[in-house]
Amino acid sequence: MSVKKDFLIVGGGLAGLTAAIHLLKAGVPVTIIEKNSYPQHKVCGEYISNEVLPYLNMLGVTLDQLPVTQLRRFQFSPSQGRQILTDLPLGGIGISRYLLDECLYQHALALGCQVIQDKVTHISYASNAFHVELAHHAPLTASLVIAAHGKRDQLDERLSRPFFYKRSPWLAVKAHYKVAFPDDLIGLYTFNGGYCGVSKVENDVVNICYLTSYSSFRKYKNIKEHRAAILYENPQLREIFEKATMINEQPLTISQISFLNKRKVEQHVLMIGDSGGLIHPLCGNGMAMAIHSAKLCAETVISYHSGTMSRAQMEKRYTSLWKQHFGKRMLMGRILSTLLHQQRLTATLTRFLSVFPSVLRFIIRQTHGKKPIFTG
Ligand SMILES: Cc1cc2nc3c(=O)[nH]c(=O)nc-3n(C[C@H](O)[C@H](O)[C@H](O)COP(=O)(O)OP(=O)(O)OC[C@H]3O[C@@H](n4cnc5c(N)ncnc54)[C@H](O)[C@@H]3O)c2cc1C
């Protein structure tokens, strides 16, 4: 026997919670199914671009009332060559995912969101309805499903999404530290096979998060050995790590991080946030895109809910909005990542940027939204 729901959101991270809040504020009831409890630490650089703040404010989520850090400057520090410093065109804030996701979750609950803690194991669609299977609860039926389950999950395999079957060479490591670091700075440090972001979050805590190739990592016994042999090739990064005291018991790690193209609608399920596509973390725009894609999706779903759009129109419109807003940023992310993973190209890029530092600002603009998200 299945339980009937109207609109379901799979995954209560940034994208899922934002979509839920938007829909609830428009009077559309939704249920979130989230496999983990709140709050949780997540592997993330934890810099969020200011472009989404007006939209979050409109939803009633006022992050600037939390003890966040204002980030205004960006420093590119290659393992060899000069460091290059520039202003962040729109600026951003440093906030841990532990605090940010919890804040959105409490907001969604206050608006009456129903949250089921369980793992979605399968979604199928027939006769204009979805059948959603859960690991521990009875299956649900729904008229609409939004998937916000992040980068990669067994669910992608059950939905036969092509990216799931291609192995990704990337893994990421993140932890919080106590170490002296400028309040308003994001540092991006390159090393052979990867790059590392360093910036402050709330309470004077420094987040250090890096992406590295699995081929570089597997030559070493553990994170510590890999760090000493590879990351410490960058003298600035070495100095930070050597002075830092880790706050978490263990660093968090994730692997199989895929930057391949993903379809925005899969078997009539609307894909938002990382489940619709993940931009390279070096762009620092994944969280803003997750929130922005939730907005685009929620607005389209509201039209469908009010009867002014058919399901086919809704799917087409969401897909085209996604490409219009994020297509160029995704491409720029791929180009930059390719450059930074080849030491010789990184050296050429660094030499070029030290002669023309304004180009760095231009590059940052290409990987972010051009202006704060319009809230109308
Ligand atoms: C190394 C690294 C560094 C990054 N740094 C930055 C940065 O500095 N700035 C930035 O803007 N972006 C950054 N990003 C990108 C950013 O973290 C993501 O784009 C963002 O988290 C996407 O949010 P989301 O809601 O789509 O996914 P998530 O936040 O991952 O949420 C997905 C949720 O779905 C749940 N879930 C998964 N499967 C199921 C299931 N089957 N059933 C029920 N629930 C499920 C999960 O538990 C999770 O809570 C980084 C990414 C990486 C990998």
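Sequence-ordered 3J(HN,Hα) estimates for region 55-64 from the Karplus curve with 6.51, -1.76 and 1.60 and θ = phi - 60° stand at 5, 4, 4, 4, 7, x, 9, 9, 5, 5 Hz, glycine and proline given as x. Of the trypsin sites (Lys or Arg not before Pro) in region 289-376, the ones in a loop by DSSP (not H, G, I, E or B) with at most 16 other beta carbons within 10 Å are LYS370.
If the only charges are +1 at each Lys and Arg Cβ and -1 at each Asp and Glu Cβ, what is the size of the charge dipole of region 1-130 around the Cα centre, to the nearest 20 debye?
On the way: 10 positive and 9 negative charges, 37 e Å.
Computed charge dipole of region 1-130: roughly 180 debye.
Between THR62 and TYR220, what FRET efficiency follows from the Cβ-Cβ distance if R0 is 45 Å, with the result rounded to 0.05? Present the calculation step by step, with values, prior to reporting the outcome.
Values: r = 44 Å, r/R0 = 0.97.
Computed FRET efficiency for THR62 and TYR220 comes out at 0.55.
Measuring between their Cα centroids, region 74-106 and region 270-319 lie 24 Å from each other.
The trypsin sites (Lys or Arg not before Pro) of region 204-282 that meet both conditions, a loop assignment by DSSP and at most 14 other Cβ atoms within 10 Å of the site Cβ, are ARG218, LYS219, LYS221.
Per DSSP H run of n ≥ 4, the term is -39500 (n - 2.57); total these for the chain, divide by its residue number, and report the mean residue ellipticity at 222 nm rounded to 500 deg cm²/dmol.
Estimated from H runs of four or more residues: -10500 deg cm²/dmol.
Between SER160 and GLN40, full extension at 0.36 nm per residue minus the direct alpha carbon distance yields a gain of 40.4 nm.
Residues of region 263-279 falling in the label zone of LYS316, defined by backbone nitrogen less than 16 Å from a point 7 Å along Cα to beta-carbon, are 265, 268.
Note on ILE335 and GLN80: their simple-model spin labels are 2.5 nm apart, each label 7 Å out from Cα toward Cβ.
Take every Cα pair under 8 Å in the chain that's 6+ residues apart, average their separations, divide by the length, and report that relative contact order as a whole percent. Don't skip to the end; give the middle numbers.
Values: 766 pairs, mean separation 86.8, N = 376.
Once divided by the residue count of the chain, the mean separation gives 23 percent.
Only Cα pairs under 8 Å and at least 6 apart count here; give the relative contact order of region 170-224 as a rounded whole percent.
Working: 91 pairs, mean separation 21.2, N = 55.
Relative contact order, region 170-224: 38 percent.
Extension gain, GLN70 to SER143: 0.36 nm times the residue separation minus the Cα-Cα distance gives 22.1 nm.
Using a Förster distance of 35 Å, how high is the FRET efficiency between PHE352 and LYS323, based on the Cβ-Cβ distance and rounded to 0.05?
Working: r = 30 Å, r/R0 = 0.86.
The formula returns an efficiency of 0.70 here.
Tally the DSSP beta bridges in the chain and give the antiparallel ones as a percent, rounded to 5. Spell out each step's value before the answer.
Values: 47 of 68 bridges.
If we restrict to bridges inside the chain, about 70 percent are antiparallel.
So if we plug the beta-carbon distance of SER124 and VAL359 into 1/(1 + (r/R0)^6) with R0 = 45 Å, what FRET efficiency do we get, rounded to 0.05?
On the way: r = 49 Å, r/R0 = 1.09.
Computed FRET efficiency for SER124 and VAL359: 0.40.
Checking the cross-link pairs LYS35/LYS243; LYS219/LYS243; LYS178/LYS295; LYS174/LYS323; LYS219/LYS323; LYS119/LYS166 against a 32 Å limit on the alpha carbon distance flags LYS35/LYS243; LYS178/LYS295; LYS219/LYS323 as lying beyond it.
Regarding region 306-376, what whole-number volume in Å³ per residue does the convex hull of its Cα atoms give?
Considering the Cα atoms of region 306-376, their hull volume per residue is 92 Å³.
Which aspartates and glutamates does LYS200 reach when only Cα atoms under 14 Å apart count, and residues fewer than 8 places away in its own chain are ignored? Reachable aspartates and glutamates: GLU46, ASP183, ASP184. About its Cα centre, region 143-229 has a charge dipole of approximately 560 debye under the convention of +1 per Lys or Arg Cβ and -1 per Asp or Glu Cβ, with nothing else charged. In straight-distance terms, cross-link reach from LYS224 covers every one of the aspartates and glutamates whose alpha-carbon lies under 17 Å from its own, apart from those fewer than eight places away in the same chain; here that gives GLU233, GLU239, GLU242, GLU249.
Straight-distance candidates among the aspartates and glutamates for linking to LYS316, with alpha-carbon spacing under 17 Å and chain neighbours fewer than 8 residues away dropped: GLU266, GLU299. With unit charges on the beta carbon (Lys/Arg positive, Asp/Glu negative), name the residue among GLN154, LEU144, VAL30 whose Cα is farthest towards the positive pole of the charge dipole of the chain. Result: GLN154, furthest along the dipole toward the positive end.
Computed from the coordinates by the stated procedures, all read-outs in this text should not be read as laboratory data. All values derive from a computational prediction rather than experimental measurement. A quick note on method: Cβ atoms are made from the backbone with ideal geometry, for glycine too, and the neighbour counts reach across all protein chains shown.
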